[in-house]
Each structure stands twice: as structure tokens, then as C-alpha cells.
Amino acid sequence: MQFTCDQERFARTLGAVGHAVNKGTSAPPITTTIRLSTDQGRLRLDATNLELGITAWLEVVVAQEGSVSIPARTFSDAITALAPGQIAVRVETVTHDVQVHSQSGSFHVRGQAADEFPTMPAAEPGGQAIVLAAPLLKEVIREVVTATDESGSKPIFENVLLQMERGKVTFAATDGFSKVTYRTLTLAEAGRELRDILVPARALTELASILPADGMIEVSVTENSSQVVFSTQWLVLSSRLSSGKFPNYKAVLPRERQTRVTVKAADFRHAVQLSILFAKADSHAGHITIRGSLGAEPGTLTITSEAADVGGNQNTIPVQVEGDDQEEVIFNVSSLAKTLAVITTPDVVLEIGATKAPVGVLKAAAVNSAIHGLMSMTSAH
């Protein structure tokens, strides 16, 4: 096997597939490698930890066909350390020794035969799929994964539900306790749809980190319906699907709102960040009071936090209020801050309704935005 390529592009591509390399100390050795193979005049790179797999292609000049599995970390670090420019890679057929030469230096690493490398999942031939814009999918993933459970106590809540309906797909997540987030996207091809699937949030986070800034991405499943496959022209990520029954996430959201507040996102973020400093010692509780407009004066939203032996704060910001006043509704300000961090519009909308207790619904002041439901802590105080 022999090829030449650009160092910077090779390093970036190795970095992308490296997201699927197993980094555990007791990992099966083959899952700590990256497979390099020639593929119709291009270089194909594969990595998998047996739960997550990534394939990428790179334009190279192939002088001799072949394949090899290389130690991922050592090889990637060494390629990155080379100076920019053209590099030549040659693999000894018998020993699988991988030799790299560049103007700035050379190195070699001990590779191994690629025969034992696992088969990478592929979309079902002729199967159904949905197509989304890659930048939009990156945005949706960033919004929705903030609601997943990070404690590990309930595995079902470490996943994102992709709920398919005719002409649309909804991405939904919940931590099963205090937060729900979902966003619905319209599909260009209304007749093509998948069954509902549960995708590990970690896989989607990895996908968002390596997706290109433009282009389209196709979402499909494998023939045995055990894995989801996200495909672009130069990149494929596959992930095992989770099993289990995802809860009715919309059931916790209020059917009618009592209060609607429109507020400058920057003002809200500053107030919440100050409140966090004092709320840590009080279960992250932030007390929100909303007052409607009085004459020419705007309405107000006040956040207070108080912790014994620490201190407290009070921030009041101007807002537009529709509906009833609200008296000291308690929200987890850490969850509120995480939600505000993924909203990029200048204005945000906070709606408050009630199921068994007050529930806040936070969203961007724009159409087709994600819906973030925050359960109040009122019943716990």
C-alpha cells in the first residue's frame, strides 16, 4: 500500500474518525486502531468502538492498493506533529510497518493486518431514509441533548428519540425529572420515513462535532434495524440503537399558558448567571417573580436566590408580560442557564402554565424553534 496526501487534511480526517476509537485501558485491541484502505482512488479511514463507528474518505494519490490497521493515537499524533505539506505513506506488505516521509521529518509505526477489523454497518439497501441539512441537524442536536440525563441512573434518558410522522421528524429528550426538550423539523420528502428510534445522546454529540458546515445528511437504519447510519458525501457515522419505551414527553407540558414573558436573552443570561453563584448551596433554586406593566413602565422579571451562610442576590430585568403575574415560581437555575446557552436569538420567550405544579416553557422568539420544558421546584420547597 502506498499513497501521498496533504498533511493537514490527513490530520483533520484522522481526528474525525478518532472520535470512534475506543480509549478504555481494557478495550479490545482492534478497537484502538484505525483501518486505512484504498477505495477507488481515495483513502478510506474506519474506526469503531463496537457501539459507535465512523468512516471518512480522503482524496489522495494512490500508487499501490492495500489496507492496514494502525494504532490510532500514536499515528494520529505523529501525523499532526508533521509540518504542513505533502507526505508519502508506504506500508510493508509482510510486516505491515507503516512508513511516513515528509519534508520536516519521517517516522514509522507497527501496523497490523486489517483482516480482523470489524465490518462497518451500512444502510439497508433500498431502505427508507430521511434527508436533512447538516447545519440544521448540528443545531438541533446542540439544543436537544441538553435535556438528556447525565447521571447514568436511568439509561433510557441518555437517549434522544427520533419520532417519525408523515412529513416531519421530532427530536426529543428528557432527563425524566426536571427538563424536556423537543424540536420538530419538516421533511422535504414527506413520503419517506423511518420508524421511531432511540439514539444514544453521546453518538449524536460526536456526530455534531464532526459534521460539515454545509451540505446534506441522510439518516437511515441498517437492514436488521439495530443501528442508525448518518451519511454525507465524505463521512458516515453509525451507532447502535437503544431499546426501551420512551415516555410521553409532551404530557408534562401545560396545555394552557397563564403567563407569557418576552425578554432580552442577554439580560436573562446575566441574571441567571449571578443567581447560580448563590443558588448552588440551595439545590440550585432560583425564585422568579413576574409583574405585569404598570402604566408606561414595562413589566419586570425578578430572580432571587438565598443560601444560609453564603448570601443572596436579587436581579430585576424589564420584560413584556402577557397574562397573569407570577409569585416566586422556583426553577433550577443551572438547567435554566444550560437552556439559555443554546438559544441564539436576541429575544427569548418564557411561558408559565401548570400541570400538578408550575411548568416553564422556554423558547427562542422565532418560529420553528426548540421547545424547552422546565419543571418547577415549587412542590419541593
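Readers should treat all values here as calculations from the given coordinates under stated rules, not as data from a laboratory. In this text, all values refer to a predicted model and were calculated from it rather than measured experimentally. When we count neighbours, we look across all protein chains shown, and the Cβ atoms used for this are built from the backbone with ideal geometry, even at glycine.
The length gained on full extension between A366 and Q86, counted as 0.36 nm times the residue separation minus their Cα-Cα distance, comes to 96.1 nm. The mean sequence separation of alpha-carbon pairs under 8 Å and at least six residues apart, normalised by the residue count of region 2-116, gives a relative contact order of 29 percent. Here's the picture: a label point sits 7 Å out from the Cα of S293 along the beta-carbon direction, and within region 247-263 the residues with their amide nitrogen under 17 Å of it are 259-263.
Based on the Kirkwood radius over alpha-carbon pairs, what is the Stokes-Einstein translational diffusion coefficient of region 260-312 at 20 °C with 1.002 mPa s viscosity, in µm²/s? Estimated diffusion coefficient is 177 µm²/s.
Here, region 155-305 is characterised by an Rg to Rh ratio of 1.07, where Rg is the alpha-carbon radius of gyration and Rh the Kirkwood radius. Between T262 and S283, the FRET efficiency from the beta-carbon distance, with R0 = 25 Å, is close to 0.30. With a cut-off of 18 Å on the backbone N, the residues of region 332-375 near the modelled label site 7 Å out from R255 along Cα-Cβ are 352-361. Between R73 and D324, the contour length at 0.36 nm per residue exceeds the alpha carbon distance by 84.5 nm.
Placing dummy labels 7 Å off each Cα toward the beta-carbon, the span from R142 to S243 is 3.6 nm.
Peptides 115-124, 203-212 ranked from most to least packed by the mean count of surrounding Cβ atoms within 10 Å: 203-212, 115-124.
Relative to the Cα centre, the charge distribution of region 129-240, modelled as +1 at Lys and Arg Cβ and -1 at Asp and Glu Cβ, gives a dipole magnitude of about 100 debye. Could you sort out which of K154/K363; K23/K264; K23/K363; K168/K280; K154/K264; K23/K168 sit more than 32 Å apart by Cα distance in this structure? Those over the limit are K23/K264; K23/K363; K168/K280; K154/K264; K23/K168. Of the Cα atoms belonging to the chain, the radius of gyration and Dmax stand at 25.2, 86 Å. Taking a point 7 Å from the Cα of A208 along the Cα-to-Cβ direction, the residues of region 153-179 with backbone N closer than 19 Å to it are 156-163, 169-179. Can you give the log10 of the normalised intensity I(q)/I(0) at q = 0.17 Å⁻¹, computed with Debye over equal Cα scatterers of region 129-240? Rounded to two decimals, the profile gives -0.78.
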